[in-house]
Amino acid sequence: MFRRIFRAVRAFFAVASDEDLDAALRMAAFVCTEDPKSRSFYVPGGDSQEDLNAHVQQRPQDAVAWFSRGVWRMMKGDTEQAVSDLKEAVRLDPQEARYYLGLSYVRSARRDSAQAIEAATTAIHLVPDYMLAWFQRAEAYEQQGELEKAIADCNEALRLDPAWENVWQLRAALYGQLGEWEKCLADLTSAIHLAPAKAGLYVDRGNTYWQLEQIENALASFTVAIRLDRTNRLAYDCRGHLYCYQGDMEQGVSDLTVVIELAPDDPAGYESRGNAWYEAGDYLAAVNDFTSAVELAPENAFMWRKRAFAQSLRGEYAAALQDYHEALRLAPEDSHAACDLAWLLATCPLAEYRDGDQALRYASQACEQTHEQEWRMLSLLAAAHAEVGDWENAVRRQRQALELLADLAPADKPARQGLRERLQLYQSRQPYRELPSGDKDAD
């Protein structure tokens, strides 16, 4: 849950704000320090690609030349060439810790967490009190899912330099992923004490308050973030969804509309507002926003799938089927789209849109991909068997789904009730038909 709030939401907006971009660039710049204990920006060899290329050509045995160009390329997003340059710097001077730190950072940027950890570990061995190396290895451990090791490295980084808010913020995120919300809140409060003008910290603290169900505190934190940075889309997005969660759709939609106005060409804003309409049961408004997102990003299979699902809830089955097929054309391996399509093909109340054979094929593939360990997939397969009149397998698969649900989510009473009701249908040789939900405010 915490990763969704603190990581996925940011990825959802690509670069949520100028502050996030600045933080990324500053982190890249830190690896260029002459002194491991310093946070000053230092890249020798010129400040343009031409200068750096000339430096490498003129002094090919100079590790600093390769390092400087590697960092420049890293900051420009050319991670492949950055790796090449930084590896050469390491080869020429294997005793320089900052070269390994730069290599670790760019490895992380390329999602190569194992090699990122290895490079940061070498930097630590060379300079044990290199705070940035401990911090970078913590981020690499987090990327690899080794949260306890990441926390241990944050602890060491804080011992070496307790005055850098980024370390407190990272450790807070780690605690959050472990569900230790009070510790998360304490770390974010420490970070805010060190950097009271950093809007992103208040967004993180707002989300933490939300997890602790301290709604008023959460709203207050999001509002401070917005006051500090009127262009912070993530702050508006979080506050908007919290208002919607409270049932204040007017205020919520107002904030989510600001998200769109700040970046009208970004489909993420329309998706976010569409999600709010969807949760409120206004499927027509959700479809409209998802349509805007599709128009801005027609190659995004996920958006086609979301619109398809909302359309199916409105009873717009032909449009939903068309969107599901487009989602699968764009992403043939998208098991979620295949499952949603299979469910519609098996359970649609209108016979002209059902196709039991196709539903059975998609559902069987879904169960194989999940090794028959996902109760929803087994229930889907049961519905498909029922649609083709295979009552024995429909009952068998539905019972398997019930058993698995009892093991994995025994407290989910509504899901268990739904499974039992469908099991009774199949035992009576009746298929399941899912009626459209319609819009909550529809006449």
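Does any residue of the range 341-364 turn out to be in contact with a Gly (Cβ under 9 Å, 6 or more places away or on another chain) and either small (Gly, Ala, Ser) or closer than 25 Å to Ala235 by Cα (or both)? Taking every residue of the range 341-364 in turn, at least one turns out to be in contact with a Gly (Cβ under 9 Å, 6 or more places away or on another chain) and either small (Gly, Ala, Ser) or closer than 25 Å to Ala235 by Cα (or both).
Given the criteria within 17 Å of Arg69 (Cβ to Cβ), in contact (Cβ under 8 Å) with a residue 12 or more places away in the chain and of a type in the set (Phe, Trp, Tyr), does Tyr130 qualify? Considered against the rule, which asks whether it is within 17 Å of Arg69 (Cβ to Cβ), in contact (Cβ under 8 Å) with a residue 12 or more places away in the chain and of a type in the set (Phe, Trp, Tyr), Tyr130 comes out as no. Annotation note: of Asp187, Asp153, the sole residue that is assigned to a helix (DSSP H, G or I), buried (at least 21 other Cβ atoms within 10 Å of the Cβ) and outside the structural domain of Ala114 (by TED's automatic domain parsing) is Asp187. Mind telling me which of the residues Tyr353, Tyr432, Tyr426 ends up being surrounded by 19 or more Cβ atoms within 10 Å (Cβ to Cβ), within 26 Å of Ala308 (Cα to Cα) and of a type in the set (Phe, Trp, Tyr)? It is Tyr432.
Within the option set Ala310, Ala293, being more than 24 Å from Leu435 (Cα to Cα), buried (at least 20 other Cβ atoms within 10 Å of the Cβ), hydrophobic (A, V, I, L, M, F, W, C) and at pLDDT 95 or above holds for one residue only, Ala293. For the range 135-157, a residue qualifies if it is of a type in the set (Phe, Trp, Tyr) and closer than 13 Å to Gly102 by Cα, and exactly one does: Phe135.
Could you check, for the range 98-108, whether at least one of its residues is under 22 Å from Gly200 (Cα atoms) and either under 22 Å from the mean Cα position of the chain (by Cα) or among the basic types (Lys, Arg) (or both)? Within the range 98-108 (the criterion being under 22 Å from Gly200 (Cα atoms) and either under 22 Å from the mean Cα position of the chain (by Cα) or among the basic types (Lys, Arg) (or both)), the answer is yes, since at least one residue qualifies.
Under the condition of being part of a helix (DSSP H, G or I) and either of a type in the set (S, T, N, Q) or farther than 16 Å from Ala337 by Cβ (or both), the residues counted in the range 369-381 number 5.
For Glu333, the criteria (1) charged (D, E, K, R); (2) more than 22 Å from the chain's Cα centre (by Cα); (3) outside any helix (DSSP H, G or I) hold in every case but one, which is (2). Can you confirm whether Cys348 is touching an Asp or Glu at 6+ places or on another chain (Cβ under 8 Å) and without any contact (Cβ under 8 Å) to a residue 24 or more places away in the chain? Taking the combined requirement at face value, the residue does not satisfy it. Restricting the range 216-267 to residues that are touching a residue at least 24 places away in the same chain (Cβ under 8 Å) and polar (S, T, N, Q), which is farthest from Leu201 (Cα to Cα)? Ranking the candidates gives Gln246 first.
Of the helices (runs of 4 or more DSSP H) contained entirely in the range 43-107, those carrying at least 3 residues that are buried (at least 20 other Cβ atoms within 10 Å of the Cβ) and either aliphatic (A, V, I, L, M) or at pLDDT 85 or above (or both) fall at 63-75, 79-92. Scanning the range 281-328 for residues that are part of a helix (DSSP H, G or I) and under 17 Å from Pro264 (Cβ atoms) returns Asn288, Asp289, Phe290, Thr291, Ser292, Ala293, Val294, Glu295, Leu296, Met303.
The rows are residues; the columns are (1) part of a helix (DSSP H, G or I); (2) under 21 Å from the mean Cα position of the chain (by Cα); (3) charged (D, E, K, R); (4) under 27 Å from Asn300 (Cβ atoms).
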residue: Ala220; (1), (2), (3), (4): yes, no, no, no
residue: Tyr236; (1), (2), (3), (4): yes, yes, no, yes
residue: Arg239; (1), (2), (3), (4): yes, yes, yes, yes
residue: Gln251; (1), (2), (3), (4): yes, no, no, no
residue: Leu256; (1), (2), (3), (4): yes, yes, no, yes
residue: Gly269; (1), (2), (3), (4): yes, yes, no, yes
residue: Tyr278; (1), (2), (3), (4): yes, yes, no, yes
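The values are calculated or read from the model by the stated rules, or taken from the named source; none is laboratory data. Because the structure is predicted, anything quoted here is derived from the model rather than measured. Glycine also receives a Cβ, built like all others from the backbone with ideal geometry; neighbour counts cover every protein chain displayed.
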